[in-house]
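Heads up, the thing below is written out as structure tokens.
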Amino acid sequence: MSAPGTHSAAAMSEGAAGEVEEANATVGAALCSGTVPDRFVLLLRDVQNDLLALAADLSAVGSDGSGRAIDAAAVQRVLAAVDEHRSEPVPTDFAVLGGSTSAVGLLRLARMTVRRAARSVRRLEHGGAAPSLSCAGAYLDALAELLLVLAFESELLERQQLPVGWCGDGSGLMDLTPIVPRRETHAWLSRRG
């Protein structure tokens, strides 16, 4: 018979591992979209390797597994990447509407999944079920910030390029206004009877 709480800790760690794997798959989908700026590709491949290792660590919570892949150095690597790739602060109202690039949307989706995984890991840490994963929550928090920065920077880079053959409104020019929902843009919806 297992100790009280053991099964729930195992279920929680498996759930967190699944969330980390989901984030990894979303980062992979962004990379496969072909719209991730080249300068972010190697960084995101490293992130994927970290996420695979973290998912394995989370799956092994409660076993007598030795070392952990995510340590303070991994957290510092991600924080350094945030500083390196942030050209300007991400606006608090930065939002993505469909139609920009798939990479931007998928990086934002990966960020949301990473944040969910971070909350699950924090519950494991605070419950005492995973004392060996002390850096995992900090890593995921830093990664969520990095994914937001990369999504924003990808959006900025996309706005600097005009697609070849774009016809748009017939003038050959593309509307490069910020992709942020505005209520006044959709005011006509509320006036329709």
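Values as computed for the structure displayed
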quantity	calculated
Top-ranked residue of segment 95-106 - restricted to ones that are open to solvent by less than 50 Å² (accessible area, probe 1.4 Å) and small (Gly, Ala, Ser), ranked as modelled with the lowest pLDDT	Ser100
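Yes/no per residue for (1) open to solvent by less than 10 Å² (accessible area, probe 1.4 Å); (2) among the aliphatic types (A, V, I, L, M); (3) under 16 Å from Asp83 (Cβ atoms):
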{"site": "Arg108", "(1), (2), (3)": "no, no, no"}
{"site": "Arg115", "(1), (2), (3)": "no, no, no"}
{"site": "Gly127", "(1), (2), (3)": "no, no, no"}
{"site": "Ser134", "(1), (2), (3)": "no, no, no"}
{"site": "Leu140", "(1), (2), (3)": "yes, yes, no"}
{"site": "Leu143", "(1), (2), (3)": "yes, yes, yes"}
{"site": "Leu147", "(1), (2), (3)": "yes, yes, yes"}
{"site": "Ser154", "(1), (2), (3)": "yes, no, no"}
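The values are calculated or read from the model by the stated rules, or taken from the named source; none is laboratory data. Since the structure is predicted, the reported quantities are computational estimates derived from the model, not experimental observations. Cβ sites come from the backbone with ideal geometry, for glycine too, and all protein chains shown count toward neighbours. To get the accessible areas, we keep the full protein, side chains included, count just its heavy atoms, and leave off ligands, DNA and RNA. Shrake-Rupley method; radii C 1.70, N 1.55, O 1.52, S 1.80 Å.
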